[in-house]
Amino acid sequence: MSAILQSLRKLVTLRWLTGRSAVIAVPSLFLTAAFLIPFLIVLRISLSDMDTAGSPFGGLLSYVDGIVVLKVKVANYLFIAADELYLLTYLSSIKYAAITTAICLFIGYPFAYFMARAKPSLRPILMMLVMLPFWTSFLLRVYAWKGILANHGLLNDLLIALGVVQEPLPMMNTSFSLVVGMVYAYLPFMILPLYANLVKMDLRYLEAAADLGATPFQAFWRITVPLSKSGIIAGAMLVFIPSVGEYVIPELLGGPETLMIGRVLWDEYFTNNDWAMASSVTVLVILLILVPMAIFNKYKTDQHTGEKA
């Protein structure tokens, strides 16, 4: 009888492992096909000569007199490290992405909080209003801001009509127009994860804090904000990562002083037709984003493990 039970236990365990492996394998294969393989191709091009970038191994491997030779070109990375333009562009991209993330958090948190505390019957309507801009083309929405912020656009005409200003304010092709466009475009990506986190929060914590004499602000700052930390981190990642490599908004709304890495990539790929240099910039942008994320995730994992211990 014990032998039969052991056989059944092994069979159930084997099926469970098979099912778990299948569930893990599907997203792993997708990430490999959608991210890892394209990244390896870009990395290979960045280490190759432009003349051999289209070959299967990009000139990295060659067979000469029975010897396999590995030839890696790092001149592009050395040039990027020595050229001040690329460093300033990287820093500019990080600066505008950080500003956009901070403003989206400042605006999006009250929105998400209000949505989470609204009546359940109103929440789908509020969610639809947040997602409503996605029903329109992203390019058309950015172009609409050109009409709003232009010297004779809607906003300047309104300010002049109200007597606030006498002459049009120079808002287009400035850092202001760039940040406005990016905040408008990425604000829903901050609101949605915050709402998903806040709507699941147990309100009994707030009731307990009130019973213990905490003011509404103290309860919010010491309970609501810490419990919504995962939503804040998720929203910040969803805003910061695409903002770093944004191209359309800086091109349409930004000026010469708002140069970002997306524009540099476009120029290298399509204007200079230097795929090796453009791929090197791309690899550095990916590492610039992934390395801090990996360090942060490891820190959070170690902290969570320490708390359990």
**Asked** With a 10 Å Cβ neighbour count serving as the proxy for reagent exposure, in which order, fewest first, do Val26, Val239, Val283 appear?
**Response** Val26, Val283, Val239
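Test of understanding: what is the full-extension gain from Thr271 to Ala98, defined as 0.36 nm times their sequence separation minus their Cα-Cα distance?
Working: separation 173, 0.36 × 173 = 62.28 nm, distance 2.84 nm.
Roughly 59.4 nm would be gained on extension.
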**Complete:** With label points set 7 Å from each Cα along the Cα-to-Cβ direction at Phe35 and Leu290, the distance between them in nm comes to 0.8
**Debye intensity ratio in log₁₀ form over the Cα atoms of region 142-277, taken at each q of 0.18 Å⁻¹** = -0.97
**Request:** Sorted from largest down, give the three principal axis spans of the alpha carbons of region 62-218, whole angstrom values.
**Result:** 81, 53, 34
**Request:** Alpha carbons only, please: Rg and Dmax for region 145-219, in angstrom.
**Result:** 21.0, 56
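Where a number appears in this text, it was derived from the coordinates with a stated rule and is not lab data. For clarity, every value in this text was computed on a predicted model and none was experimentally measured. Note that each Cβ is placed from the backbone with ideal geometry, even for glycine, and that neighbours are counted across all protein chains shown.
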